[in-house]
Amino acid sequence: MFKFLKGVVAGSGTGLKDLPYNLGEPYGSAWGSWIHYRGTSKDDGSLVSIFSLSGSNAQDGHLAAGRNGVKRLRTVRHPNILSFLHSTEAETFDGSSTKHTIYIVTEPVMPLSEKIKELGLEGTQRDEYYAMGLRQIAKAVSFLNNDCKLVHGNVCVASVVVTPTLDWKLHAFDVLSEFDGNNEASTVPVLQFEWLVGSQYKPMELVKSDWVAVRKSPPWAIDSWGLGCLIYEIFSATKLAKTEELRNTTSIPKSLLPDYQRLLSSMPSRRLNTSKLIDNSEYFQNKLVETIQFMEVLNLKDSVEKDTFFRKLPTLADQLPRQIVLKKLLPLLASSLEFGSAAAPALTALLKMGSWFSSEEFAVKVLPTVVKLFASNDRAIRVGLLQHIDQYGESLSSQIVDEQVYPHVATGFSDTSAFLRELTLKSMLVLAPKLSQRTISGSLLKYLSKLQVDEEPAIRTNTTILLGNIAGHLNDGTRKRVLINAFTVRALRDTFSPARGAGVMALTATSSYYDITEIATRILPNVVILTIDPDGDVRSKAFQAVDQFLQIVKQYNDKLNSGDNSGASTIGMSSVPGNASLLGWAMSSLTLKGKASEQAPVASATTNTPLTSASSNASSVVVDTPNTMPVDVNFSDAADQPVPSSPTSTDGWGELENGIHEDHDSDKDGWDDVEPLEEHKPPPALANIQAAQKRPVTQPKAHVNSSLRPKSTVKVTKDEDDDLWGSIAAPAPRTASKPLNLKPAATLDDDDPWAAIAAPPPMTKAKPLSLGRGRGAKPTAPKLGAQKINRTSSSGL
């Protein structure tokens, strides 16, 4: 006999002193004499179910059967059999009487009859759920009968319970016994405690206690009959009162009726084996059962089958019972994603199902899985997480984002895939408000600086847009160092016209953050240049920006004239409504790639019409972000970094040495490359020659400047920060270098400015030198000797 842990409590009490679980409220029904309680663990508060059976005598037959049930439940393990956690037997004293109680602690479950009423399913959805549950109980019975050679003896509604994930599980093992079919002539009862079973649930051979017939029958005969009783009870929604009621088949589905009748055959040998019921019954072939079955054997499926299944799952989930999807299918899906057996498209289905939860349930049942997926190395999973971040981003806590999510997301900033870099950039609108100041200043700001010189023009454009979105959450020092440099030194000088347009819009949208000195000395000079930009949309935005900033300057002037100097230097103007579309993203870097020819300012206005038309204004390129994205980011000052020497430098947006007062240094760093655009004055000597001849020397002037000052030209192309700033300066070196590359060296010598005066004498004197007169005869002597030798040899012949 099974040995129990017994706790003996002296005096009066509940008998639960040594039980590490708290007893809760009882359910309204349970099998036999057992009482089914709700319970919780004393250690972690997790939910459990507690079954208790009491008797006044330790040798009571019910207690003996209960001990048998505990023993069997402890030793038999199957996914469709109730999971055993703990058991104990206690004695309590109440005056002169003693009470013996057996306690069994299991996973949290609910009686099937009560769960069916709670769900309230009807029609097709009810039949699909019943099919799923019956299939699970049939698998449990088949396991006992065919694999373990055990007989349950009392399969009915009362012996079935339902888990929180709506799985049906078999319990009530008090009658369970081994099937002894070898000794057919024995009259010893096969089921020792068969007297606990109601007569309405017994087949005829069991009612007659014909143990010889029972031993001659297959092991599944008794439990197949019980499964038929279970089918009748769930479809009729009534408890079986007498065996004759089983003949009433009006409530049995037509697809299940033939199998139902075979389960209840009067001849035990002809009763349907439950294993064949699972494999062959038409009733179990429905969408819910097939979906659950596919998920249960997911590891055995190949990648093509998985991909096809998960792509159809979001649509299929709408057709299945909502409660079953949320409580059964979603946990299976989350588990498969977490352990890597599911394909990337499963994430879309998970998030769609999760959207049917309340925010509190979503945070408990879906969010933990999503957070774990950020550590996945599967690029498709990472793309899916970033694409749908708006669906769950607000549910993430700041601590989770800073410690668990961002470290994995940040790897996407430097990914080789432009699409993933862009998605990572866009995700910062949601994640940045939840980052700590240390993470923002030490990591995010540097990544954004890199992205503003990214090889993909759309990513550079979207980086400018992101900075405009989060500008209101930067502190004053960071704003003064980052915004103007990012928008003017980089964005306004980008070779991609939409990037320049985004820079202008970002300046106007953040105009309230600049003081009057910055507007007059740094912003207006940069914006005015774009009023002659080759791209019409950029010119239009530039004129609007000039008008807006001039209006701010005028307001400042009016205040000074009126004698009001208080706050005049910090006068600002909020962005106009027309610039609200700044909060929208530009085109995707995958749908619109910027090539070398497409990034040239002139080409963008002339030869690449699709580019300019696709980004003619901010409203035409907005794709997915609302105008009022609730961003709440606070950047702290980034560490000072050296001046970059290459286009891919991670310098940020300038160097801040003394607080926020570094206007002239960063301004100079941003505008050095514009100097070659100015027309250089000719050297004094050349000016005198031109004055003497009284005519301009236009073409030589360009070559003299380029030939006399080659070092300055090299310096422009080598010393500046990066080629993003060369959108304005680029035309100058190209027009100057093109004629130099096309003309030969002789042409350059003939165009020497001194040739205007000295050209005629050298032309007349060069000719006699070649004829060997004077000093010029010496170099020609070898040539004459060679000719004489040639004549001698010819005369000898």
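Taking each residue of segment 51-72 that is closer than 20 Å to residue 109 by Cα and in the same structural domain as residue 27 (by the TED database) and looking for partners that are in a helix (DSSP H, G or I) and open to solvent by 10 Å² or more (accessible area, probe 1.4 Å) with beta-carbon atoms closer than 9 Å, six or more apart or interchain, yields 53/62. Only one of the listed residues (448, 492) is crowded, with 23+ Cβ neighbours inside 10 Å and within 19 Å of residue 537 (Cβ to Cβ). That residue is 492. Could you tell me whether segment 238-258 includes any residue that is within 17 Å of residue 138 (Cα to Cα), open to solvent by 40 Å² or more (accessible area, probe 1.4 Å), modelled with pLDDT of 90 or more and assigned to a helix (DSSP H, G or I)? Checking segment 238-258: at least one residue is within 17 Å of residue 138 (Cα to Cα), open to solvent by 40 Å² or more (accessible area, probe 1.4 Å), modelled with pLDDT of 90 or more and assigned to a helix (DSSP H, G or I).
Condition check for residue 189 on (1) over 30 Å from residue 119 (Cα atoms); (2) open to solvent by less than 60 Å² (accessible area, probe 1.4 Å): one failure, at (2).
Within the option set 46, 41, being within 21 Å of residue 167 (Cα to Cα), among the small types (Gly, Ala, Ser), out of contact with any helix residue (DSSP H, G or I) (no Cβ under 8 Å at 6 or more places or on another chain) and at pLDDT below 95 holds for one residue only, 46. Using the structure shown, decide if residue 278 is in a loop (DSSP other than H, G, I, E, B) and either open to solvent by less than 50 Å² (accessible area, probe 1.4 Å) or in contact (Cβ under 8 Å) with a residue 24 or more places away in the chain (or both). The answer is no for residue 278.
One residue stands out among those in segment 423-442 that are within 16 Å of residue 463 (Cα to Cα) and more than 13 Å from the chain's Cα centre (by Cα): the one that is surrounded by the most Cβ atoms within 10 Å (Cβ to Cβ), which is 440.
From 100, 78, which residue is surrounded by fewer than 18 Cβ atoms within 10 Å (Cβ to Cβ) and either outside any strand (DSSP E or B) or of a type outside the set (A, V, I, L, M, F, W, C) (or both)? Checking each option against the conditions leaves just 78.
Answer with yes or no whether residue 509 is open to solvent by 10 Å² or more (accessible area, probe 1.4 Å) and in contact (Cβ under 8 Å) with a residue 24 or more places away in the chain.
yes
Being aliphatic (A, V, I, L, M) and not in a helix (DSSP H, G or I) holds for only one residue in 317, 343, 349, 334, and it is 343. When residue 92 is tested against (1) modelled with pLDDT of 90 or more; (2) among the polar types (S, T, N, Q); (3) over 16 Å from residue 158 (Cβ atoms), exactly one condition is not met: (1). Taken residue by residue, segment 30-51 has at least one member that is of a type in the set (Ser, Thr, Tyr) and surrounded by 18 or more Cβ atoms within 10 Å (Cβ to Cβ). For residue 415, the conditions (1) touching a helix residue (DSSP H, G or I) at 6+ places or on another chain (Cβ under 8 Å); (2) farther than 17 Å from residue 486 by Cα; (3) charged (D, E, K, R); (4) open to solvent by 30 Å² or more (accessible area, probe 1.4 Å) are fulfilled apart from (4). Screening the candidates 299, 248 for the property of being in contact with a helix residue (DSSP H, G or I) (Cβ under 8 Å, 6 or more places away or on another chain) and among the polar types (S, T, N, Q) yields one hit, 248. Among the residues of segment 223-254, those identified as touching a residue at least 40 places away in the same chain (Cβ under 8 Å) and within 48 Å of the chain's Cα centre (by Cα) are 227, 230, 231, 233, 234, 235, 237, 253.
Collect the residues in segment 364-390 that are farther than 16 Å from residue 343 by Cα, β-branched (Val, Ile, Thr) and open to solvent by less than 70 Å² (accessible area, probe 1.4 Å), keeping them in residue-number order. Answer for segment 364-390, where residues must be farther than 16 Å from residue 343 by Cα, β-branched (Val, Ile, Thr) and open to solvent by less than 70 Å² (accessible area, probe 1.4 Å): 366, 371, 389.
Among the residues examined, residue 224 qualifies as open to solvent by less than 60 Å² (accessible area, probe 1.4 Å) and over 30 Å from residue 365 (Cα atoms). The condition of being out of contact with any Asp or Glu (no Cβ under 6 Å at 6 or more places or on another chain), at positive phi and surrounded by fewer than 19 Cβ atoms within 10 Å (Cβ to Cβ) holds for only one of 149, 117, that being 149. Checked against (1) farther than 19 Å from residue 174 by Cβ; (2) open to solvent by less than 40 Å² (accessible area, probe 1.4 Å), residue 64 meets all criteria but (1).
If a residue must be open to solvent by 30 Å² or more (accessible area, probe 1.4 Å), among the acidic types (Asp, Glu) and within 17 Å of residue 484 (Cα to Cα), how many such residues does segment 512-560 contain? So the answer is 1.
Are any of the residues in segment 86-94 assigned to a loop (DSSP other than H, G, I, E, B) and not assigned by the TED database to the domain that holds residue 151?
Within segment 86-94 (the criterion being assigned to a loop (DSSP other than H, G, I, E, B) and not assigned by the TED database to the domain that holds residue 151), the answer is no, since none of the residues qualifies.
With a requirement of 1 or more residues that are closer than 26 Å to residue 320 by Cα, the helices (runs of 4 or more DSSP H) lying completely within segment 123-233 that satisfy it span 123-142. Within segment 495-504, being part of a helix (DSSP H, G or I) and open to solvent by 10 Å² or more (accessible area, probe 1.4 Å) holds for one residue alone: 498.
The values are calculated or read from the model by the stated rules, or taken from the named source; none is laboratory data. These figures come from a predicted structure and were not determined experimentally. Here Cβ is always computed from backbone atoms with ideal geometry, including for glycine, and neighbour counts include all displayed protein chains. Please note that ligands, DNA and RNA were not included when accessible areas were found on the heavy atoms of the full protein model with its side chains. Shrake-Rupley method; radii C 1.70, N 1.55, O 1.52, S 1.80 Å.
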